[in-house]
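The values are calculated or read from the model by the stated rules, or taken from the named source; none is laboratory data. Here the structure is a predicted model, which means the values were calculated and not measured. Neighbour counts run over all protein chains shown; Cβ positions are idealised from the backbone, glycine included.
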Amino acid sequence: MYATPDTDTTFDKYDEMRLHMKQLLSASILDIDMPMRIAIPLDNVGIRKLKDLVKLSRKEVLGIKRLGKKAVDEIEIILGRFDLCLGMKTE
């Protein structure tokens, strides 16, 4: 008499990966154990989330006061742990 609605039980691994990446990019730079000597200069220029950081190129990060080549190298290593890099397109 009543029809039961069909439930979609398909699994879309791409949606799950996209959701994971969205959550990761919305994380604070402090959540990924960024050293304070790097996090403070980033915070001073308004970079508080990973999505803000990965949008920048290496050259742009080097232009931030109190961040040198060694700090940028360390940022790239930390981002690499999460399969992220500087200069990424986040959209």
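Just for the stretch 35-60: of the residues that are touching a residue at least 24 places away in the same chain (Cβ under 8 Å) and touching an Asp or Glu at 6+ places or on another chain (Cβ under 9 Å), which one is surrounded by the fewest Cβ atoms within 10 Å (Cβ to Cβ)?
Here the residue is Pro35.
Please find, among Glu60, Glu76, Glu91, Glu16, the residue that is part of a helix (DSSP H, G or I) and at pLDDT below 95.
On inspection, the qualifying residue turns out to be Glu16.
Take the stretch 36-60 and flag every residue that is among the β-branched types (Val, Ile, Thr) and more than 17 Å from Thr90 (Cα to Cα).
So the first thing to find is which residues in the stretch 36-60 are among the β-branched types (Val, Ile, Thr), and the list is 38, 40, 45, 47, 54.
Ile38, Ile40, Val45 - these are the residues of the stretch 36-60 that are among the β-branched types (Val, Ile, Thr) and more than 17 Å from Thr90 (Cα to Cα).
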